[in-house]
Structures are given as structure tokens and as C-alpha cells.
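The values are calculated or read from the model by the stated rules, or taken from the named source; none is laboratory data. Everything numeric here is computed off the predicted structure, so don't read it as measured data. FYI the Cβ positions are ideal-geometry reconstructions off the backbone, even for glycines, and counts take in every protein chain you see. The area values use the complete protein model at the heavy-atom level, side chains included, leaving out ligands, DNA and RNA. Shrake-Rupley method; radii C 1.70, N 1.55, O 1.52, S 1.80 Å.
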Amino acid sequence: MSNKPKLTIDGLLAELATLAKISEAEPPVVTRVVFSDADLRARAYVKSLCVEAGLAVHEDAIGNTFARWQGSDGELAPVGTGSHIDAIPNAGLYDGCVGVLGGLEAIRVLKKLGFRPRRSIELVIFTAEEPTRFGIGCLGSRMMARVLSPEQALALRDKEGRGIEKLRTQCGFEGTLESVELPAGRFHQFVEMHIEQGPLLEQEGIDIGLVTAIAAPASLRVVIEGEGGHAGGKLMPGRKDALAAAAELILALEEAAKSSGAIDTVATVGVCDVFPGAVNSIPSRVRLETDIRDIDGARRDRVIDALKTACTDVASRRGVAIRIDVVNADPPATCDPAILAAMETSATEAGRSYRRMVSRAYHDSLFMARIAPVAMLFIPCRGGVSHRPDEYASPEWIGGGVHVLARTLARLAS
Ligand SMILES: [Zn+2]
């Protein structure tokens, strides 16, 4: 790999644009929910590109798709790359897709240059990275790492009450859900390219982010049951106002995150559902949905504990009942130093600027880290905007990412 790969990414850009048009919404809006007609058409399109590139494609029982470039030593575990092609409602065209089609482009570039991998290189398209349909993110990679068991997966329902079993088989994904689990060692290493979904790279004019850690997300649901009543008739003494109790909890959570001692701790209450929601009625029930993240799992858990303590305290002081459910609490992932070193050398060789950084959004790599050494390669996105139709990554940024990814894959597979 002494010569700089000649990259014309016009083909890749055209493929990204074609994929974006496979949407449940009018372009430029991309909406592609897992197991929808658009999802199936998008899968068919990407698979056809993989076959065209000479890759051997297979799918598992939940629809995770593997496209393999066979290495010269078939005994060795492959190097993996890839991401997702599902998209939340009203999304853009780069989230996930850059990692899938960009990964494919990296493979095609290496083929064009006559490179022969010793280890196989396998492109992975994960099922349902987005939580839109089943309320849980990274369905495919969670099941690969068995962070989500087949029983737990079977219990999931979409908002129409449909379960995974019927939907996946309707889509043609056969086999037992048990077979989705992959052993540690199935992949030698795994690298995911993704847009940053934050503003740092663009602001600093840097081409490539080398992700050293992926923050640990936790999501907790808090339901407060108080006592309703007429806003005029019921006087202040003895009120059990569920929203006033919720207000204390929101502030307690904010304080716990702010005082964790680290800038990487973040906590958010993004949903506050008030019942009955009438101006002249005392709120009797409130549901809060909270999101708590950190790159340090123990520190994140201390914030969760602080919220639980506040719940106990507020419940007894205000005479309300508070239930707290952990929706998910995943551990953080630390990226593999060997892959980071390979990416760093590759970026230098490719003449691309880079910096190390943390991923505050989670990705399939968070779960792949349970079964393989992983790292992520970020490219800039304009204004840090993502999950919106105006999400944008320039051809130059994408080309830089593909270039560095191609060199990294070559290095890891040699
Ligand atoms: Zn994504």
C-alpha cells in the first residue's frame, strides 16, 4: 500500500443518493424503519451492490447482513466493518449509510488497487440500529453480542402490537433467533465509520476522528403517582402534586450530572408526560423519560443512584408514589489501541488530519465491543447536525474517511 489510492467517490455519492431515495417519506427526507417496505428495498439495493463487488452475502435470522471478501487464509477470523441503513423518521442520508456504502467503497478501492487480504474483510449491515420500531436501539448488534436474549427480543412489540417473530419471517429472515449470537473471536477486529453527529471536527477543521471510547447510555423511566383534584378547590396544604415532585427530580438529576466531577457525564429528561394535563387540574400522574450517559460506567451509575435516592426522598416528603424502571443501562466501550494505532498511521499516510475523541452517541460498535476489539472512525458533519433531513457530509469529508478506512482495513487484514 505504498501508492496513494486513487479515489473518485462519484460512484459512492451516487449510491448514497440512490439509497436516500428509498424512503417512506418524500425526498430529501429519509425515513426507513426496520422491516418496512423501504427497509427491504434498501437492503436489496445494498446487497446487489455487494454482489456486484464480488462479495459473498448472507443474512442471519434477524436480518443482520454479512458481505465477505474472502482472504487468502480462510482459517483466520475476518476483519469487520459496517454500520446500519435504517433511519429514524425525518432523517438525513449519511447516518449509518456512510459506514455501510463507505465500507463497501473502501473494499472496492482495495480490490481495484490489486490488494489481496490475508484475513477476509467482511462488511456488516446491522438490523435496526435505530430504536424507532421496537423502542430499543442496536437490535441486531445487541443480539449478536447476546446483550438481548432471544426471549427478550420475542417480547418486544411495535406500537401496532406486532412482534419480531412475525415481522422478521415475513421479511424472509429464517432460522432460530439463538443463531444470531456470535462467539467472541468470530471477528478479529471491527471498525465502524460514521458521521460525528457533533460539531467538533468541523469546528476544528479536522478530517478524521479516532474514537477512543463510546459513552455508556442508560435510560430510566420514572412514574410519579400523586393525587389529582380541582386547582381551585384543593388548597395547598396536603397536596400531592405529581408534577411538582417531578420538578424536584429533574433538578436533582441535573445536579447529580453537573457535580459528577467530569465533563463527560450528561443527564437529560427528554419526556415529561403530565396527566390529566388540564390547566385547572392538579397533576395526578407524571412520567419522565431520562437519558444518562458517561464514558465511565461506574460514574454513570452513581448518577443513577443519586436519582434513585432523590426518588425515595421526594416520595416520602411529598407523600407521592414513585416507580423507577431501568429501560436499559449498557456499559461503555473502550476502543482497541491496536486498531487506533492502525487508523492513526493510515490517516498520516493518507495526509489527513485527525484527533482522538469520544463518541457520545452510541452505535453498533458499543455492542460489537463485547465480542471483538473495536474502534470507530468519525468524519465531520456540517454543524454537527444529524437525524434531520439537512444532515450533510461533504464529498471531501467522505472521501477522506473512505481513504483512511481503506488503508486501515488493508493494514488489519494483512
Ligand atoms: Zn448511526
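Details
- Residue among Ser394, Ser365 that alone is open to solvent by 10 Å² or more (accessible area, probe 1.4 Å) and within 21 Å of Ile85 (Cβ to Cβ): Ser394
- Failed item, numbered, when Gly400 is tested on (1) open to solvent by 10 Å² or more (accessible area, probe 1.4 Å); (2) farther than 25 Å from Cys138 by Cα: (1)
- Lone unmet requirement of (1) open to solvent by less than 40 Å² (accessible area, probe 1.4 Å); (2) acidic (Asp, Glu); (3) over 30 Å from Pro373 (Cβ atoms); (4) in contact with a helix residue (DSSP H, G or I) (Cβ under 8 Å, 6 or more places away or on another chain) for Glu289: (4)
- Single unsatisfied condition, Ile263 versus (1) in a loop (DSSP other than H, G, I, E, B); (2) more than 25 Å from the chain's Cα centre (by Cα); (3) aliphatic (A, V, I, L, M): (2)
- Residue within region 2-13 that is assigned to a strand (DSSP E or B) and away from the ligand (no atom under 16 Å from the Cβ) present: no
- In the condition set (1) surrounded by fewer than 18 Cβ atoms within 10 Å (Cβ to Cβ); (2) of a type in the set (Ser, Thr, Tyr); (3) within 16 Å of the ligand (Cβ to nearest atom), Ser353 is compliant with all but (3).
- Phe378 modelled with pLDDT of 95 or more and under 22 Å from Asp301 (Cα atoms): no
- Residues in region 254-265 that are open to solvent by 60 Å² or more (accessible area, probe 1.4 Å) and modelled with pLDDT of 95 or more: Glu254, Glu255, Lys258, Ser259.
- Residues in region 273-305 that are closer than 17 Å to Glu255 by Cβ and of a type in the set (A, V, I, L, M): 4 in all.
- Of all residues in region 363-386, those that are at positive phi have Cβ atoms under 7 Å from Cβ atoms of residues that are of a type in the set (S, T, N, Q) and within 15 Å of the ligand (Cβ to nearest atom), 6 or more apart or on another chain, in Gly384/Gln197.
- Region 33-48, residues that are open to solvent by 10 Å² or more (accessible area, probe 1.4 Å) and of a type in the set (Val, Ile, Thr): Val33
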